[in-house]
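Readers should treat all values here as calculations from the given coordinates under stated rules, not as data from a laboratory. Just so it is clear, the model here is predicted, and its values are computed rather than measured. Note that each Cβ is placed from the backbone with ideal geometry, even for glycine, and that neighbours are counted across all protein chains shown.
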Number of protein chains: 2
Amino acid sequence: MRYELYYWPSIPGRGEFVRLACEQASADYVDVARAPRGAGTGLAAMMRLLADRRLDCPPFAPPFLKAGKLVIGQTAIILLYLGERHRIAPKSAAGRLWAHQLQLTIADLVAEIHDTHHPIASGLYYEDQKPEARRRTAHFLAQRLPKYLRYFEDVIKRNARGHLAGARVSYADLSMFQVIAGLRYAFPRAMARFGRGYPRLEALSARVAELPAIAGYLRSPRRLPFNNQGIFRHYPELDSSPAR
Amino acid sequence: MRYELYYWPSIPGRGEFVRLACEQASADYVDVARAPRGAGTGLAAMMRLLADRRLDCPPFAPPFLKAGKLVIGQTAIILLYLGERHRIAPKSAAGRLWAHQLQLTIADLVAEIHDTHHPIASGLYYEDQKPEARRRTAHFLAQRLPKYLRYFEDVIKRNARGHLAGARVSYADLSMFQVIAGLRYAFPRAMARFGRGYPRLEALSARVAELPAIAGYLRSPRRLPFNNQGIFRHYPELDSSPAR
């Protein structure tokens, strides 16, 4: 089955977590809004599907995945679904719930990262909420980010296999890699000593980047670079010296 | 099996979504941190479990549910799990994914509601972020809340059975009821004409309140009232006249 991924074409955003999973799974997928404009492709095709009144299960927002007749919204659920069909999740039911739980905690972290530059409203420009962004980011880097990173570092330690969940690399590891890469892009100063504080996360991140399917993908034009329109944005005035 | 629900004892918070599901399912559950202090009960028991180094799958934060040997964190996943075991979710696999997707969108809304009074940092007092809270709440009530409510109203309309997903009341409906009750507590002025704008959500909410198991629960001491320590807080200075 060829999956159809629907996501904004100009940012890695939340769509990237799905792309990484599809790439590692060697799944057949088309990145609909980024494909050349055609009958069922291009941004217009995504907007048409979002506005389709005949959909029984309309997604609230991109990304969403079309898998045959199913239309699945919410990044973590797309990954739950893919994890049941490809070798990118633990095998047991309990293991799959656990990977899903980690993914939702990653999603919570991602939402907090987004709000560092948009603490007042996603509908306003960053420039219209700069003082608030500075205040929120300072707290995020000092309190929230270390809390999340300590948690994930500890999860890898408890698993004792060098990654987050189960016996093999899962979509949660791929997402963690993406979050760490995004944090490095957004906050190079604050992340300068990252590996010293979180050696297991650093090693996991390096390991994911070297997986053959992922390494190939990262070199390909399918991989979108970070930019200041997405979740992870680099505003030097928000970055700070390392908290630890 | 007797489920053990772990959540902060003094607020409805995210624990309430799990309580409503357990009550509607007539599940046997103990609200651990609210039970009289004992061998495995009371707040101390929750803190002990959170700090337990032997847990393979440590939750990031309450609520979490102990079901036999499983420890499940993340509200939406607890509900996904309960929905597979009790008659509070659609029967088909696709229907269950859909209810779960709606629950995650409700969770996104709940996080945005929380941030109306804590736009800078959850670790700061409301009093330390009042101007920012006023700005964020104004945008939330004018833009974000209507976007979410229009979406859920439309979902009920498409289902044509008076509730969100599938052929019977699901945990997503119970959660929607709780969100509407919380919004009414927090923003009585902004919610004054709610039923006029969102008649299906209003009807769903009334219907849930009259379900025999839920009606009994709401009258019981097990139901915690809203208060200004939780997600839904009433600060008159944040409330505004109705946007529609």
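Given the -39500 (n - 2.57) contribution per DSSP H run of 4+ residues, what per-residue ellipticity at 222 nm results for chain B, rounded to the nearest 500 deg cm²/dmol? Mind showing how you got there, number by number?
Values: 10 runs with 119 residues, N = 244.
Here the helix-only value at 222 nm equals -15000 deg cm²/dmol.
Among the trypsin sites (Lys or Arg not before Pro) found in the stretch B:6-112, those both in a DSSP coil and sparsely packed, with 13 or fewer other Cβ atoms within 10 Å of their Cβ, are B:R37, B:R53, B:R54, B:K69, B:R87, B:K91. Copy-to-copy label distances for A:S122, where each label lies 7 Å from Cα along Cα-to-Cβ, are 1.8 nm in order of increasing length.
Normalise the Cα radius of gyration of the protein assembly as shown by 2.2 N^0.38 Å (N = residues in it) and let me know the number.
Numbers: Rg = 21.8 Å, N = 488, 2.2 N^0.38 = 23.1 Å.
After normalising by residue count via 2.2 N^0.38 Å, the value is 0.94.
Assuming a ≥ b ≥ c are the square roots of the Cα gyration tensor eigenvalues, decide whether the stretch A:3-85 counts as rounded (a/c under 1.5), prolate (otherwise, with a/b larger than b/c) or oblate. It comes out oblate by the Cα gyration axes.
Once the Cβ-Cβ distance of B:R223 and A:L55 is raised to the sixth power relative to R0 = 30 Å, the FRET efficiency obtained is 0.25. By the beta-carbon count within 10 Å of each Cβ, the least crowded to most crowded order of A:K130, B:K157, fewest first, is B:K157, A:K130.
The charge dipole of the stretch B:3-85, taken about the Cα centre with unit charges on the Cβ atoms of Lys, Arg (+1) and Asp, Glu (-1), comes to about 280 debye, rounded to the nearest 20. Ordering A:M191, A:A51, A:L97 by the projection of their Cα atoms onto the charge dipole of chain A, which places +1 on the Cβ of Lys and Arg and -1 on the Cβ of Asp and Glu, puts A:L97 at the extreme positive end.
With a sphere of radius 15 Å drawn around the Cβ of A:R135, what net charge do the other residues whose Cβ falls strictly inside it have (Lys, Arg +1; Asp, Glu -1)?
On the way: positive: A:K130, A:R134, A:R136, A:R144, B:K130, B:R134, B:R135, B:R136; negative: A:E112, A:D115, A:D128, A:E132, A:E237, A:D239, B:D115, B:E127, B:D128, B:E132.
Once positives and negatives cancel, what remains is -2.
Over the Cα atoms of the stretch B:199-240, each weighted equally, I'd like the Debye log10 I(q)/I(0) at q = 0.34 Å⁻¹, rounded to two decimals. Here log10 of I(q) over I(0) equals -0.99.
Computed from point charges on the beta carbon alone (+1 for Lys and Arg, -1 for Asp and Glu), the dipole magnitude for the stretch A:1-152 about its Cα centre is near 220 Debye. Is the C-alpha gyration tensor of the stretch B:126-244 telling us rounded, prolate or oblate? Criteria: a/c under 1.5 is rounded; beyond that, a/b larger than b/c is prolate, otherwise oblate. Taking the square roots of the gyration eigenvalues as a ≥ b ≥ c, the stretch B:126-244 is oblate.
Let me make sure I get this right: for chain A, a, b and c are the square roots of the gyration tensor eigenvalues over alpha carbons, sorted descending. Under 1.5 in a/c it's rounded, otherwise prolate if a/b > b/c, else oblate. Which is it?
Details: a/c = 1.80, a/b = 1.18, b/c = 1.52.
Cα axes put chain A in the oblate bin.
What's the extension gain from B:A209 to B:R158 if we count 0.36 nm per residue and subtract their Cα-Cα distance?
Details: separation 51, 0.36 × 51 = 18.36 nm, distance 2.22 nm.
Extra length from B:A209 to B:R158 when fully extended: 16.1 nm.
The other copies place their A:R196 label points at 6.2 nm from this one, listed shortest first, where each point is 7 Å from Cα along Cα→Cβ.
Magnitude of the charge dipole for the protein assembly as shown, about its Cα centre and with charges confined to Cβ atoms of Lys, Arg (+1) and Asp, Glu (-1), is about 620 debye. Pairwise Cα separations in the stretch B:115-194 fall into 5 Å bins from 0 onward with the following percentages, short to long: 3, 14, 18, 20, 17, 13, 7, 5, 2, 0.
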